[in-house]
1. Find the centroid of the Cα atoms in the range 24-73 and in the range 137-156, then give the distance between the two in whole Å.
2. Can you work out the Karplus-derived ³J(HN,Hα) for every residue in the range 356-363? Use 6.51 cos²θ - 1.76 cosθ + 1.60 with θ = phi - 60°, whole Hz, and x for glycine or proline.
3. Using the count of nearby Cβ atoms within 10 Å as a rough guide to exposure, how do Ile266, Ile106 rank from fewest to most?
4. If we count other beta carbons within 10 Å of each Cβ, what is the order of Val148, Val435, fewest first?
Amino acid sequence: MSTEQILPIGLWKPCEARKQFRTNPDLEGKSSSGYCAGYLQANLAILPASLADDFEQFCEINKAPCPLLYRSGVGEVTAGSFASDSDVSFSFEQGLINSGIEVQNISRNCNVSMFTTNIHCIPVGSFSCPMVVSMRPIKKDQIEKAVVVTSAYDSVHGAPIHIGDPTVIGIHNVNRPEFGCPSDIGDLIPVFWACGVTSSLAVRSAKSPLSFSHYPGSMFICDVTVDEYFTTHKPEHGKEEPRLVTLADHPKYLASVCSASAMTKIDKLAEILWKSPSEIVASNGLLPVGDAFLKIAVRLSHASSIVICFLHESEILSTQRDSTSDGILALLALVKAFQALHKKVRILTRHGTHLLHEKITACLAEEQITTDFVRIVEWDDSCDLKERLFDGKINHRLDAIVALQSVTKTENDKSEENDPLERFFREVKTWEVGVVRVKITAGEDEISLDETKEGDSYVLRPSSLKLSGDSIAAALYLLHQCPIHSRYVRRGIGKREQLEIEKFLMKEDHVTYNQFVDSITRPEVTGV
């Protein structure tokens, strides 16, 4: 019996481990998790040469689950450099352990939990499949540390692509993995990383007469250590430090990430633009402006479908008298930023407000905001509102509502029964749960916690609606510029689209906001 067989599997050398996997029938089909601690591990796919170019492109555009580190030549059976690279998350597990974070599949000597998600990889040629993720339960107070540790391993799946509520990515029973072994979650938080098993699904989707891929969890163990590899393979986000942004604790935990510098810049943005109130009313109580504003910006950054409400009768009458009203300018600022991020936007107004409709349409055209993603919908009690909003697509998901109210409610609107905004909120609750509600009011009505008692809700009272629209647009620009947040929003697939600030902000504000954003991003101002 060799020395390596006597030693714990974590102390085995890669050459001996590979020999044992080839020759020892007891190890057939076993997970390589926990073997050869500190060494890189890799997935493997073998395809007909005619599919190789498409598969390479598929891996390049879906980098988080399928980072391509070596492509052999036709008929090549000795790939020396393949043994010096890796693309599997087992490689960063030792980093988690060294940071004091328990990795259950290591401590319990079993395979990691893996799931197929509702995240669709970008198809190339005949390769098309959903993303597979691996899940590790992490203590809530250690999640940020886990993000920081694994983000350094950008070439081996890197930071998590989702944190918290599994249903968001289409996993409805986190205790029943499709691949690997179940985890003991208990009061821990499920954290998900892109997984190389995605490549196996991609290979299968091509329906080649003959192809091969690795068995989930059974990897090729490389001769190069993690430390050696990452001395020359630095993460794409450079020296940016990831930070956790907790979005919800109840009923299910949900979080996002951004860089420390982006967090500081957005906090400074809130401080400068939101001189009052000193607190923002939110579903979990009164929050400091900086904290709440960051959460709102991150929520809207993640939302793919947004409704902007313009419903109060007094607001409409005010707008009809003045085409450049505070509310209209706020609406345009929001729509422009949402369009830059390719979000689907519906502007909801009350039935019969034709002048408002015409003015909004004219302003959208002036700002060169296309109608590909933006549409104005009039609401009356006789229509099926969901069908009107989403063109009959009854399964369309709504992510966020932003309600604008620039004047005090009329007596008729003050009762919850008559308030059109509250009626709309009640209507949405019959469609789905988890919709983020942001109410921005410049009126003098008293704000109470009752307005945010359900779900993820925020009520803001800025000095003007236009100011709020501009500040949210600027925050979305800063988040878009953040490589850490951009990767998380994209789930690690595709490439970050580089956009200028002019895509986010109104024409009249370009010079002002170029100077403003520049001032808050200087190291001497932010302290970053």
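Please treat every number below as a calculation from the coordinates, not as lab data. Keep in mind it's a predicted model, so treat the numbers as computed, not measured. Note that we place each Cβ from the backbone using ideal geometry, even for glycine, and neighbour counts take in every protein chain shown.
1. The distance from the Cα centre of the range 24-73 to that of the range 137-156 comes to 22 Å.
2. Per residue, the Karplus-derived 3J(HN,Hα) values read 4, 4, 5, 5, 5, 4, 5, 5 Hz.
3. Working: Ile266 26, Ile106 20.
Ranking Ile266, Ile106 by Cβ neighbours within 10 Å, fewest first, gives Ile106, Ile266.
4. Working: Val148 18, Val435 21.
In increasing order of surrounding Cβ atoms, one gets Val148, Val435.
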